[in-house]
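Working notes, beginning with the structure itself.
The values are calculated or read from the model by the stated rules, or taken from the named source; none is laboratory data. As the structure is a computational prediction, the values presented were derived from the model and not from experiment. Backbone-built Cβ (ideal geometry, glycine too); neighbour counts: all protein chains shown.
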Amino acid sequence: MTSISLKGVTQMYGSECAIHTLDLEIASGEFVVFLGPSGCGKSTLLRMIAGLEQVASGRITFDEVDVTSTPAAKRGVAMVFQSYALYPHMTVSQNLSFGLRMTGHPRKEIARRVERAVNMLKLGDYLQRKPAQLSGGECQRVAIGRAIVQEPRVLLSDEPLSNLDAELRSSMRVEIAALHRELGNTMVYVTHDQVEAMTLADRIVVLNDGRIEQVGTPDEIYRLPKNVFVAGFVGAPKINMLSGVVVAAGSENGGLSLRLPSIDSIPLAPMHVPVRSGDKVSVGIRPEDIAIDQSSKLHMLVSFVEQIGGATNYFGDVGKTRVRMSVSGAVHFSAGDRIPVRFAAERFHYFDADGQRLTSEAARA
Amino acid sequence: MSLIRIVLRYAVLVIVASVFAGPFLWLLSTALKSGAENIFQYPPALIPREATLDNFKRVFEALPFLSYFLNSALVAALAVSCNLMLCSLAAYPLARMSFAGRQGIFLVLISTLMLPFQLLMIPLYTIAVTLGLNNSFLGLVIPHACTAFGIFLMRQAFMAIPHQLEESAHLEGVTRLQIWWHVLLPLVKPTLATLAVFTFVGVWGDFLWPLIIIDDQTRYTLPLGVNKLAGAFGKDWRLVAAGAVLSIVPMMLVFLFTQRFFISGALRGAVKG
């Protein structure tokens, strides 16, 4: 097991800065997921850890040992690629053992490692097949197997499930999680799929434009997003962002409400308000934190309904503000209906004009 | 597709095929005609009245044609092997490694394609003689051993292979030479076949360079043999035609057996280029 440390790491492509000065600590045996939109630098960062790309500046250490200039082959890392990168002219068995054969490992050792991977990933039936004769999921299992036989200190995965269909992706997620439990080695995993990130990670690193936006457990990332980007990127349907002014509104609800340009004022919860009267804020509210409440004065005009099995997503307008609401259970309303809705003010996320999260402490300071 | 279009298409194909196959068929017809038949008759007759293999027999009696054939085979085998090996070795860094001047080196290599052999003939001869390579098989092979065209073709083929394959092997601790041999070369077999055919055809049919570098008749290749046949039996074109057919047949066989690879490889080079 290996801990990884990135200190002041940057990457440049010509005059373009792909990774801005970045610090990150990954604990030994941890499963860390790099999450972010396309082009945010997550794969670049992974390749820098692998040694497939040189860093422009900064230091990368494995177990306190500087590996910044160590060639990829000597770092003890293995990588699973999105495209599987299986050797098409070799059988599964040859694919698994290729690296070990080329580096002169004894036959018995090769057989032991291959057998272990084959058993772990249930590849026994495909050993004599070539990649072209395998399905996407089987190919990906072989790719993972090829990484495992290296017995790497760090296992890196670059969007390994992106080419699979939804069902296979879901089952492979479970297999990867089980694999990590069994192997116990440090894993760094890149994805743009938040479900993958939330279900697999011990910690998620949210990246945007070559910068780390937030590092935290899946729960922290979801419940306490550090800024508007993280709040917007994590969660489906996307979080509702309402911009308005905090106003004094009598003694009810601690005396504060959020006045929105196109909606009636929304009362704010007294115990959870990190703002003062007159503040201009953005308030984020998750779709599942909006509920149907017959007693509410606010109404949502439904324009689109999305039935996803266990829940129903409603898309519509409250006043002139577009709102997404997620309600567990089956469809009760359809497009054109007016639904009385209540915003759970105690679940509001407050962000300042720069998009940074406001905490009660920050507001009082 | 309408019938007219099909007929038109086949008509064009037959005309083009006749243009290309016509000279060879005429050559074959001449080689099969007996001495009693006038090969210059008008209108020319493509089908011999009495086909005979006698001309082929006479060719072998007149000159050591088998020896010329073996010389050509040896030179072609050596040239093809060297060209495949050296061109793919040279192409690998140009396609897959980043180093200063890579593009410049490639441009210089490509620009040599513009130089005709006639321009290089004299300096090449001087070098060969200085190195003592005249009248040797090595002297015949070396100009074909590593060609700019071959490097270009192999570079394009290597560039079409996904980088992840190489990176994956690299992370497994596989050396660059091992990657080249075990990962990349098996994946460019069609291009290797294409280059092999191009090189074989070039070397097998090469007349000018062997004419310059070889004096010793025991080292003659087939084109020199056919030329000698033309000189010695200039009045009997049946013999010359039989010798020419004998020298062409191996080339046709090589193409027939490799055309599957050759066509896909040639297309690959063209598209990726």
Go through segment A:1-42 and give me each residue that's touching a residue at least 40 places away in the same chain (Cβ under 8 Å) and of a type in the set (S, T, Y).
-> A:T2, A:S3, A:S5, A:T10, A:S28, A:S38
Quick check, is B:Y68 of a type in the set (F, W, Y), buried (at least 16 other Cβ atoms within 10 Å of the Cβ) and within 30 Å of B:R238 (Cα to Cα)?
-> yes
Taking the stated definitions as given, is B:G265 modelled with pLDDT under 90, away from chain A (no Cβ under 14 Å) and outside any helix (DSSP H, G or I)?
-> no
With the checklist (1) out of contact with any Gly (no Cβ under 9 Å at 6 or more places or on another chain); (2) within 13 Å of another protein chain (Cβ to nearest Cβ); (3) crowded, with 20+ Cβ neighbours inside 10 Å in hand, flag the one item A:L35 doesn't pass.
-> (2)
Among B:I161, B:I151, which is β-branched (V, I, T), in contact with a helix residue (DSSP H, G or I) (Cβ under 8 Å, 6 or more places away or on another chain) and free of Cβ contacts under 8 Å to residues at least 40 places away in the same chain?
-> B:I161
Sort out for me the strands (runs of 3 or more DSSP E) sitting completely within segment A:1-63 that have 2 or more residues that are more than 19 Å from A:A201 (Cα to Cα).
-> A:4-13, A:16-26, A:57-62
Across (1) touching a Phe, Trp or Tyr at 6+ places or on another chain (Cβ under 8 Å); (2) over 30 Å from B:Q217 (Cα atoms), B:H170 clears everything bar (1)
Please find, within segment A:98-134, the residue that is nearest to the chain's Cα centre (by Cα) out of those that are outside any helix (DSSP H, G or I) and without any contact (Cβ under 8 Å) to a residue 12 or more places away in the chain.
-> A:T103
Filter segment B:186-198 for residues that are in contact (Cβ under 8 Å) with a residue 40 or more places away in the chain and facing chain A (nearest Cβ under 10 Å) and give the result.
-> B:K189
Among the candidates B:A193, B:A160, B:A169, B:A148, residue that is crowded, with 19+ Cβ neighbours inside 10 Å and farther than 20 Å from A:N95 by Cα | B:A193
Count of segment A:43-74 residues which are in contact (Cβ under 8 Å) with a residue 40 or more places away in the chain and at the interface with another protein chain (Cβ under 8 Å from one of its Cβ atoms) = 1
Within the bounds of segment B:165-174, is there any residue that is touching a residue at least 12 places away in the same chain (Cβ under 8 Å), out of contact with any strand residue (DSSP E or B) (no Cβ under 8 Å at 6 or more places or on another chain), of a type in the set (G, A, S) and facing chain A (nearest Cβ under 10 Å)?
-> yes
If you check A:M48 against the conditions, is it buried (at least 22 other Cβ atoms within 10 Å of the Cβ), modelled with pLDDT of 95 or more and out of contact with any Lys or Arg (no Cβ under 9 Å at 6 or more places or on another chain)?
-> yes
Among the residues of segment A:79-97, the number that are touching a residue at least 12 places away in the same chain (Cβ under 8 Å) and farther than 28 Å from A:G14 by Cα is 12
Could you pull out the residue among B:F137, B:F117, B:F106 that is under 30 Å from A:L52 (Cα atoms), more than 14 Å from chain A (Cβ to nearest Cβ) and within 24 Å of the chain's Cα centre (by Cα)?
-> B:F106
Looking at B:W180, B:W209, which one is at pLDDT 90 or above, surrounded by 21 or more Cβ atoms within 10 Å (Cβ to Cβ) and aromatic (F, W, Y)?
-> B:W209
